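The values are calculated or read from the model by the stated rules, or taken from the named source; none is laboratory data. Everything quoted here is computed from the prediction, not taken from an experiment. All Cβ positions, even for glycine, are placed from backbone atoms using ideal geometry, and neighbour counts span all protein chains on display. The area values use the complete protein model at the heavy-atom level, side chains included, leaving out ligands, DNA and RNA. Shrake-Rupley method; radii C 1.70, N 1.55, O 1.52, S 1.80 Å.
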Amino acid sequence: MSTPAALTNLLDFDRDSLRQWFVAHGHSAFRGDQLLKWIYHQQVTDFAAMTNLGKDLRDWLQVNAVVAPPQIVSEQQSTDGTVKWLFDVGTGNAIETVFIPEPSRGTLCVSSQVGCALNCSFCATGAQGFNRNLSTAEIIGQVWQAANRLGHQRNGTRRITNIVMMGMGEPLLNMSALLPALRLMCEDLAFGLAGRRVTVSTAGLVPAIDTLADSVDVSLAVSLHAADDDLRNELVPLNRKYPTAQLLDACARYSRGRVKRTVTYEYTMIDGVNDQIQHARKLITLLRRVPGKINLIPFNPFPGTRYRCSSETAIAKFQQQLMAADFIATVRRTRGQDIDAACGQLAGDFMDRTSRRQRIQMQVAV
Ligand code: SAH
């Protein structure tokens with residue numbers, strides 16, 4: 001939703017910056033904490049309803065600020081209970097967010113960019129191109145809207161127990177908007193999730209992994225998909241800039257000193273491309289150095305792709321080989337495929353504003 005220029009969208013602030021904003025306008029920092037509770041615990045966006053603020057402050061907020069999450073364009077529910085929302089983020093752009101309920105948890109998959117510039121050869125978002133970064137308000141606003149629609153915390157039940165930055169976009173290419181959003185996910189006065197329940201997934205931006213490690217305490221997932229550079233260059237072109245050896249060094253630095261912060265390696269299983277016994281062997285050798293969990297993702301097809309998903313037998317064999325080498329290897333169950341909500345299927349609705357050449361330049365510039 002577009003916000004009139006004069007109004008400050010309070011969803012853009014983490015706790016510290018909201019407190020500072022109040023102080024900068026002559027109010028007590030504590031007002032920031034009160035506002036957070038109204039917005040995130042009570043799901044109230046109308047200042048007039050914030051009864052523990054004085055009338056003057058409520059009137060002042062009404063004139064100067066707004067609580068404006070992106071508006072829902074559509075909500076679809078899969079036969080397996082997965083929910084997908086399409087959000088309007090202005091000028092004809094739309095992004096997607098997915099909720100995946102399981103018996104013991106509920107995971108929200110959140111987008112960080114309108115499209116993606118990284119052009120991974122097996123990903124629908126990449127195939128659509130890139131438009132722009134999302135703001136903090138647009139990132140945390142997806143969580144706010146999902147929480148609202150799901151009745152999160154109503155009757156004391158938390159529907160969203162985990163958040164994964166695995167929707168559209170490369171989160172680490174949007175660090176300045178991402179960090180405040182991650183802080184709000186973990187902030188007690190906002191969503192209050194434990195850091196290990198908030199996961200940032202990256203295609204492997206080495207310097208940004210270090211920045212993330214220094215800034216917040218969340219979990220890291222790395223989209224590996226291949227254990228050797230030739231194949232990874234083909235699947236994840238960013239590998240040409242940050243090859244696997246450098247990436248694994250960054251993963252080792254990330255886990256260091258963090259209890260329960262083993263990195264998760266994501267590995268999409270693509271028929272005949274990366275799913276053979278020799279690929280598993282290479283992966284075992286590579287990950288001996290920097291151990292972590294391995295999450296095998298059955299490839300999800302999308303229109304125009306040249307790839308197919310590995311057979312169930314190939315996936316099971318691959319998994320068994322990793323487990324025989326003492327790795328924890330899980331297979332991600334495909335969810336929400338009937339509503340195009342599965343991994344790599346999120347495409348939203350937007351105009352690509354980059355030529356292929358520009359996209360490659362953007363990667364090199366990072
Ligand atoms: N840019 C980030 C986060 C978005 S993708 C990243 O690369 O990690 C979330 C996960 O889905 C990544 O591991 C990604 O590689 C995987 N993925 C992308 N396309 C896929 C597809 N078609 N099938 C299965 N997994 C896919």
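Summary table
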{"quantity": "Pairs where the first residue, in the stretch 138-159, is touching a residue at least 60 places away in the same chain (Cβ under 8 Å) and part of a helix (DSSP H, G or I) and the second is open to solvent by 10 Å² or more (accessible area, probe 1.4 Å) and of a type in the set (Lys, Arg), C-beta under 8 Å, 6+ apart", "calculated": "ALA147/ARG159; LEU150/ARG159"}
{"quantity": "Selection count where residues are within 15 Å of the ligand (Cβ to nearest atom), farther than 17 Å from THR82 by Cβ and not hydrophobic (A, V, I, L, M, F, W, C), scope the stretch 313-342", "calculated": "1"}
{"quantity": "Residue in the stretch 97-117 that is within 13 Å of the ligand (Cβ to nearest atom), over 14 Å from the mean Cα position of the chain (by Cα) and open to solvent by less than 20 Å² (accessible area, probe 1.4 Å) present", "calculated": "yes"}
{"quantity": "Residues satisfying the stated conditions in the stretch 212-235, i.e. part of a helix (DSSP H, G or I), within 16 Å of the ligand (Cβ to nearest atom) and in contact (Cβ under 8 Å) with a residue 24 or more places away in the chain", "calculated": "LEU212, LEU231, GLU234, LEU235"}
{"quantity": "Any hit, the stretch 253-271, residues being more than 25 Å from ILE209 (Cα to Cα), open to solvent by 20 Å² or more (accessible area, probe 1.4 Å) and modelled with pLDDT of 95 or more", "calculated": "yes"}
{"quantity": "Some residue of the stretch 136-154 being under 13 Å from the mean Cα position of the chain (by Cα) and open to solvent by 20 Å² or more (accessible area, probe 1.4 Å)", "calculated": "yes"}
{"quantity": "Residue under evaluation MET165, criteria (1) crowded, with 21+ Cβ neighbours inside 10 Å; (2) within 13 Å of the ligand (Cβ to nearest atom); (3) over 15 Å from MET185 (Cβ atoms), criterion not met", "calculated": "(3)"}
